[in-house]
Structures are given as C-alpha cells and as structure tokens.
Amino acid sequence: MDEQGQPGTPPLAEPARAAAHWGFAAFFAGIGGYYLVTLVLTATLPGRFTQFESAGRPVLGPLLLLAFLPNLFLGLGPLVASWWKGAGPARDFGLLPTWRDVRVGLACGGFSLFAGWSIGVLLYLVHDGAVGGSPLDDLGALAGGRSVWLALAALFLLLGAPLTEELLVRGALWGALAHYRVPRLAILALTALIFAFLHEESWRTLSLFAQGVAIGWARMTTGRVGASLVAHGANNLLPAVYLFFSVS
C-alpha cells in the first residue's frame, strides 16, 4: 500500500532482494565460465604471440582484447540468471546508477584509489622495491604502440571490467549472502577478499582487499550495485589512462 492506502509497487530503482536465492548459482557459473575460457585460451594460444616478428606487431592489436575475454564471463552468469530466474539486472541488482549512486560511488572510488596507492607505496618501501610489475605493462607491450585496440582495451578496463566484476561479486554473491541474512560487515569483508583473490596478483592482495572494502562500502551504503559500479569505474580511471598513455 502507498501513503494513501492504494496498492502500489516498489520503485524500479530498488533491488529486488527476493530474487537473490539464485545468487550462489550465478556466482559459481560466472567463476566457472571465467576459468573455463582462461583454460581454453591457455591451451590453444601457447607461444602464439612469439610467432610474429616485431615488424608485424600491429597484427597483435585484435589479440590484445583476448586478454579480457575471460573477464566477460564473470558477469555473464549473473546476467543470465537474472534474466532467467529474476526480474532483470536493473531490478535484481539496482544496476542503473542514480544520482545518489554517482555521488556515493565517486567518493568511495576516490578513497579506493587513495587506499590502493598508499598501501602499494608502503609495500614497495617494506620490500625495498621488490614487488611485481603491473600486468598493464604487458598489455601495452602486446599492443605494439598506441592504437585503436589499445584504446578499446583501456575502455574495457574503465567500463567493462567494473561491470562484469560488480555483477559477480557485489551483485550475485552479495545478494545471495544477504538473502541468507549474513551480517553486512561480514559480507563486505568476504566480497572484498573474493575481489582481491579474483585478480590473481599476490603482491597486491592487501591493497586490492582495501580497495574492495572501499568499493563495497558504496554497495552497502546505497544497497545498489549501481553505486559500486561507479566506485569501481572511478578506481579504474587512472589505470586505464596509464595503460593508454604509457605506451610510447
């Protein structure tokens, strides 16, 4: 009932929490698809890149996007499950950002950047500079120079990766844990930990966990994936710019 006692429906901006019972299946489907595609690419493309001469490196441009192909499958499981079992991503996850999502997301994304940078510098100092290199350097080298392919890769890093990872972690997994009444702070910590391990960069696990907490805080504050999507995109802005402009 609405305030006048008339039958009403919940606003479309609010996530449909009742649909979250399928969240675990969607989460594991996304993870499974990710590792299956990674396995197929690893098995079918070993040493493929080394077969090109340096003069032909521009041909590698389209292959650059293959590095992001497994990431697409992270979000595919939640999307299919939402369309099949739920009310659609906009209702199930609160996927389309509102103005409040944008404000909260930008604030949390800025804090995520600061946390990741601060912890990264601290780890660098503690280990006397002995930390792993950025995978973005490898992608830039693969592109063989600034090109439309590198621009597309940077765009995916800015928009595509946040969308797929948020659908998986702060969408399907968060919704499933909330459905079974797991405490909010426990959900925040667990999803941040999954987010960190998902990137498979052991030397960055601590900073990725802190960034996951900051991004997840946007989801927890608003109850919507749209806010964490904005936060994740803001967090990825500098890496995307670095990926494109660091290539000579």
Looking at the structure I just gave you, is ILE194 surrounded by fewer than 21 Cβ atoms within 10 Å (Cβ to Cβ) and either on the phi > 0 side of the Ramachandran plot or aliphatic (A, V, I, L, M) (or both)?
yes
I'd like to know if region 178-185 contains one or more residues that are in a helix (DSSP H, G or I) and touching a residue at least 60 places away in the same chain (Cβ under 8 Å).
yes
Would you point out the residue of region 208-232, among those that are part of a helix (DSSP H, G or I) and over 15 Å from the mean Cα position of the chain (by Cα), that is farthest from ALA81 (Cα to Cα)?
THR221
Region 61-167: helices (runs of 4 or more DSSP H) wholly inside it with 3 or more residues that are at pLDDT below 95 and surrounded by fewer than 16 Cβ atoms within 10 Å (Cβ to Cβ) are 69-85, 99-126, 135-143, 148-155
The correct count of residues that are closer than 17 Å to PHE24 by Cα, modelled with pLDDT under 95 and hydroxyl-bearing (Ser, Thr, Tyr) in region 181-203 is 0
Taking into account only those residues within region 88-116 that are without any contact (Cβ under 8 Å) to a residue 40 or more places away in the chain and more than 15 Å from VAL230 (Cα to Cα), which is nearest to the chain's Cα centre (by Cα)?
PHE114
Among the listed residues TRP174, TRP203, identify the single one that is surrounded by fewer than 19 Cβ atoms within 10 Å (Cβ to Cβ), over 13 Å from the mean Cα position of the chain (by Cα) and within 22 Å of PRO70 (Cβ to Cβ).
TRP203
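The values are calculated or read from the model by the stated rules, or taken from the named source; none is laboratory data. From a predicted model like this one, the values you see are computed outputs, not experimental measurements. As a convention, Cβ positions derive from the backbone with ideal geometry for all residues, glycine included, and neighbour counts pool all protein chains shown.
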